[in-house]
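Engineer: Take this structure, written in structure tokens, and hold onto it; I'll ask about it next.
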Amino acid sequence: MGKLDGKVAFITGAARGQGRSHALRLAEEGADIIAVDVCAQIDSVGYPLATPDDLDETVALVEKTGRRVVASIADVRELGALQGAFDAGVAELGPCQIVVANAGIHPIGTFGDRAPEGWRDALDVILTGSWNTIQVARAQMVEAGQGGSIILISSSNGLKGHTDGSGGWDGYVAAKHGLVGLMRTYAWYLGPDNIRVNSIHPSGVPTQMTMNQMFADYTASTPPERQMRLGNAMPVQWLDPLDISNAVLWLASDDARYVSGVTLSVDGGSNIL
Ligand SMILES: NC(=O)c1ccc[n+]([C@@H]2O[C@H](COP(=O)([O-])OP(=O)(O)OC[C@H]3O[C@@H](n4cnc5c(N)ncnc54)[C@H](O)[C@@H]3O)[C@@H](O)[C@H]2O)c1
């Protein structure tokens, strides 16, 4: 018996990194998966985003667990396309009870003329994209009357400030803080329908968002006292994607059946530094 037998989970940014890890962990516990990713580049982002091959790999790995998966290429910024991806998944897999708004970008280093673009893209993908993700799922969730769990993937940067002074990193922090307001609003609004809404706040995880030249250049050129803000209280530099996936699983499962409106830090104590 899995903790999520008979459930369907809608996960954005699922082609690789933490999104793929969430898809696999939830599938291992019995959930079928609706996977979405943009699989294309966004100009302000200084590292490659996922590819269609990455999304295919997620599909193959989920299928290996014995669960079903419906995958679509869609941009969370485009409400119509995202609705199409969600509806296609529900048509094949049945009603969805779990939503993981995970897609994100980190457009650091967008200085000068590029600052407004970095700021706008971060807000559009992270904040508007997560709002879109809730919008495409919530009517069906309420109508199905099965309750559910919506999980917004924020960041330690959603609870405390940190920036390289660029538009993109400013936007990242503002958007990740914005997710807390969105989470609290929908925890209140959907509570009567037994739909729980929470946010998760990871500190550094070694995915392509952080394992790239731009991020390495930033840390190399930043004095240690400023870098401390990115560190953890516990003696660990990087968390594993699985650490975040286990928190996603807990919030998605009945083990957390009365947990709603919570900012859950999974960060080795980064939030108290
Ligand atoms: N890596 C970290 O240190 C860290 C720390 C805290 C929070 N986070 C958050 O975790 C989430 C997952 O990031 P990750 O570390 O796996 O990085 P990642 O870059 O490997 O994964 C992000 C995924 O989102 C997809 N994506 C980007 N823009 C999209 C869009 N407009 N529409 C649909 N998909 C889109 C990308 O293609 C990619 O597959 C993000 O929200 C990120 O902000 C990451």
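The values are calculated or read from the model by the stated rules, or taken from the named source; none is laboratory data. Worth saying up front: this structure is predicted, and the values here are computed from it rather than measured. Cβ: placed from backbone, ideal geometry, glycine included. Neighbour counts: every protein chain shown. Side chains are part of the model used for accessible areas, which takes the heavy atoms of the whole protein and leaves out ligands, DNA and RNA. Shrake-Rupley method; radii C 1.70, N 1.55, O 1.52, S 1.80 Å.
Engineer: Starting from the Cα of LYS160, draw a straight line to each of the lysines and keep only those under 23 Å, dropping any in the same chain fewer than 8 residues away.
Structural biologist: LYS176
Engineer: Give the long-range amide H neighbours of SER149: residues separated by 5 or more places, or on another chain, with amide H under 5 Å away, using H modelled in the peptide plane at 1.01 Å from N.
Structural biologist: Residues meeting the amide H criterion: ILE98, VAL99, ARG196.
Engineer: Please give the solvent-accessible surface of ASP164 in Å², to the nearest 10, using a probe radius of 1.4 Å with every protein chain present.
Structural biologist: 30
Engineer: Using mean Cβ contacts within 10 Å as the protection proxy, how do 112-118, 198-204, 224-230 order, highest first?
Structural biologist: Averaged packing, sorted descending, gives the order 198-204, 112-118, 224-230.
Engineer: Another question, if that's okay. Compare the peptides 242-250, 1-9 by average per-residue count of other Cβ atoms within 10 angstrom and give them in order, highest first.
Structural biologist: The peptides rank, most packed first, as 242-250, 1-9.
Engineer: Moving on to the next point. Given only helices, namely DSSP H runs of n ≥ 4 each adding -39500 (n - 2.57), what is the per-residue ellipticity at 222 nm of the chain, to the nearest 500 deg cm²/dmol?
Structural biologist: The helix contribution divided over the chain gives -13000 deg cm²/dmol.
Engineer: Note down the relative contact order for region 18-93 as a percent, whole number, built from C-alpha pairs under 8 angstrom at least six residues apart.
Structural biologist: RCO, region 18-93: 35 percent.
Engineer: Pull up the cross-link candidates among the lysines for LYS64, meaning alpha carbon to alpha carbon under 28 Å and not fewer than 8 places away within one chain.
Structural biologist: Straight-distance partners of LYS64: LYS3, LYS7.
Engineer: At a probe radius of 1.4 Å, what is the per-residue accessible area of VAL70, in Å² to the nearest 10?
Structural biologist: Spelled out: VAL70, probe radius 1.4 Å, area about 20 Å².
Engineer: Okay, moving on. Search the structure for amide H atoms under 5 Å from the amide H of SER265, placed 1.01 Å from N in the peptide plane, and list their residues when 5 or more places away or on another chain.
Structural biologist: Amide H neighbours of SER265, under 5 Å, 5+ apart: HIS201.
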